[in-house]
């Protein structure tokens with residue numbers, strides 16, 4: 001912020017052009033994890049929710065007595081969905097990543 005202000009940027013310009021890009025690059029992985037978590041606790045693809053999928057699995061298991069297959073299929077659906085979300089997050093992170101500016105553990 002001090003460097004941006006010293007070259008003549010206003011406070012608002014410094015935040016928009018210097019601070020926000022750096023901050024957003026750091027929070028993208030956390031946002032990806034949060035989005036993956038939200039998809040498991042809310043509607044997947046904005047149409048089919050967890051309760052609907054587990055309700056269908058319960059119905060199928062009750063009619064066919066094939067509990068393992070029914071619940072395994074639902075688990076695979078959510079696994080594929082979460083993997084897709086994480087891969088999209090990784091692509092976004094790689095596009096905005098600054099080489100050499102990684103957070104070390």
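The values are calculated or read from the model by the stated rules, or taken from the named source; none is laboratory data. Quick caveat, the model's predicted, so the values are computed rather than measured. Reconstructed Cβ throughout: ideal geometry from the backbone, glycine too, with neighbour counts over all protein chains shown.
Where helices (runs of 4 or more DSSP H) sit wholly within the chain, those with at least 2 residues that are at pLDDT below 80 occupy 20-41, 50-64, 67-96. Look at the stretch 66-90: where a residue is on the phi < 0 side of the Ramachandran plot and a partner is exposed (fewer than 13 other Cβ atoms within 10 Å of the Cβ) and outside any helix (DSSP H, G or I), sitting 6+ places away or on another chain with Cβ atoms under 8 Å, you get 81/45.
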